[in-house]
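FYI, it's all coordinate maths here, none of it is from the lab. Everything quoted here is computed from the prediction, not taken from an experiment. Virtual Cβ from ideal backbone geometry, glycine too; neighbours counted across all protein chains shown.
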Amino acid sequence: MSDNDLGLKGRTAVITGAGGGLGRAHALLFAQHGANVVVNDLGGNFDGTGKGSAMADQVVDEIKAAGGNAAANYDSVSTEEGANGIIKTAVDTFGTIDILVNNAGILRDKSFAKMTEEDWDLVQAVHVKGAYYCTKAAWPIMRENKYGRIVLTSSASGIYGNFGQTNYSTAKMGLIGFGQTLALEGEKNNIRTNIIAPVAASRMTESLMPPNVLEKLKPEFVAPLVVYLCSENIDVNGEIYEVGAGAVSRIETLRSVGCALNPDDGVSVEDIAANWEKINDMTDAKILRSIAESTQASLQHCM
Ligand SMILES: NC(=O)c1ccc[n+]([C@@H]2O[C@H](COP(=O)([O-])OP(=O)(O)OC[C@H]3O[C@@H](n4cnc5c(N)ncnc54)[C@H](O)[C@@H]3O)[C@@H](O)[C@H]2O)c1
């Protein structure tokens with residue numbers, strides 16, 4: 001596939017949290033394919049404390065040294081003012097925004113018993129509110145341009161749950177709902193939104209896995225999917241992909257055949273108990289693609 005097919009030359013991409021880890025890999029690859037890149041990073045620690053300009057500057061320098069176009073931004077995604085500043089950097093420097101990769105993130109891992117409200121709120125503020133603010137600032141421009149490509153960064157932690165991450169898994173699952181609804185609302189204006197659940201070696205994960213595993217999990221193995229999802233002719237919208245170590249897979253929601261009781265006869269606890277095996281049997285389970293299909297699946301036996 002050539003750069004012309006990707007349609008990224010001259011497009012402007014904003015990557016949040018691009019001063020390191022996955023965001024840096026995305027930024028470098030977008031630039032390599034000819035996109036103008038805004039490298040946003042607050043430049044703090046992985047727990048959301050601190051800030052600085054060095055991380056974003058370093059990635060901008062790397063892109064420029066390789067002959068690409070990039071501008072740095074040091075705002076926080078977690079305030080409206082910060083997010084507006086990030087998108088303004090794109091507009092002021094490159095004239096518009098075509099691509100937004102919501103990637104910035106932090107961790108405040110603790111078992112639920114020990115989790116404080118601050119740990120909870122800060123994680124929601126960066127992941128959920130951050131994606132909301134940045135997308136909110138980019139959305140009117142994308143609608144006006146009738147062109148937009150958005151990627152949201154979820155996590156297996158949200159899809160499956162993960163011990164010690166009630167705050168993070170809530171935020172990451174929230175981003176799936178956000179992205180799937182944005183996909184529906186952006187469709188008519190050629191704005192495509194997709195979601196990734198990556199796994200990669202970064203400062204977030206380096207203490208969790210041994211070196212031989214981390215070696216297989218380079219962020220560079222995630223970035224190609226993100227760049228592809230933001231290419232011009234992509235006809236994919238509202239999908240979820242797990243990606244890492246060279247493995248890329250689409251994730252779907254399955255609904256068991258279950259039981260279909262007659263609502264006119266009432267539904268009792270005893271009915272649930274009697275049908276428990278059927279309800280949980282995933283034989284012949286179906287993929288559901290929309291809320292309409294879901295509602296229809298619930299009603300079809302009695303309408
Ligand atoms: N690494 C993994 O295995 C993995 C797995 C699932 C999801 N993720 C998600 O991928 C994204 C990138 O994570 P990573 O692993 O590269 O970690 P990372 O810590 O290297 O990258 C996150 C970046 O976001 C920046 N950031 C934090 N708060 C910010 C804010 N308020 N405004 C702007 N920038 C901010 C940080 O400075 C950092 O550079 C995160 O959303 C993370 O939750 C990572």
What is the spin-label model distance, in nm, from Asn275 to Ile287 if the labels are put 7 Å beyond Cα along the C-beta direction? 2.6 nm
Given the Cα-Cα distance of Asn233 and Glu80 and 0.36 nm per residue of separation, how much length would full extension add, in nm? 52.0 nm
Asp57: net charge of surrounding residues, Cβ under 11 Å, Lys/Arg +1, Asp/Glu -1, itself excluded? -2
Fewest-first sequence of Met303, Met173 by Cβ atoms within 10 Å of each Cβ: Met303, Met173
Using Cβ contacts closer than 10 Å as the measure, can you line up Thr116, Thr283, Thr205 from fewest to most? Thr283, Thr116, Thr205
If you average the C-alpha positions of segment 210-287 and of segment 19-84 separately, how far apart do those two centres end up, in angstrom? 31 Å
So if we plug the beta-carbon distance of Ala156 and Asp264 into 1/(1 + (r/R0)^6) with R0 = 41 Å, what FRET efficiency do we get, rounded to 0.05? 0.45
Out of the DSSP beta bridges found with both residues in segment 187-303, what percent are antiparallel (nearest 5)? 65 percent
Counting only other residues whose beta carbon sits under 12 Å from that of Leu225, what net charge do I get with K and R as +1, D and E as -1? -2
For Leu299 and Thr96 in the same chain, what is the full-extension length gain: residue separation times 0.36 nm, less their Cα-Cα distance, in nm? 68.5 nm
Only bridges whose two residues both fall in segment 3-251 count here: according to DSSP, what percent of them are antiparallel, nearest 5? 15 percent
Counting other beta carbons within 10 Å of each residue's own, what order do Asp235, Asp41 fall into, fewest first? Asp235, Asp41
What distance in nm separates the two pseudo spin-label positions at Ser207 and Glu185, each 7 Å out from Cα along the beta-carbon direction? 3.8 nm
Neighbourhood charge, 13 Å Cβ-Cβ cut-off, centred on Ile86 and excluding it, Lys, Arg +1 and Asp, Glu -1: -3
Whether the chain is rounded, prolate or oblate, judged on the alpha carbon gyration tensor where a/c under 1.5 counts as rounded: prolate
Tilt relative to the chain, helix 166-186 - C-alpha long axis, 0 to 90 degrees, to 10: 90 degrees
So which of Lys9/Lys64; Lys64/Lys88; Lys172/Lys286; Lys110/Lys218; Lys64/Lys172 end up more than 22 Å apart, counting from Cα to Cα? Lys172/Lys286; Lys110/Lys218; Lys64/Lys172
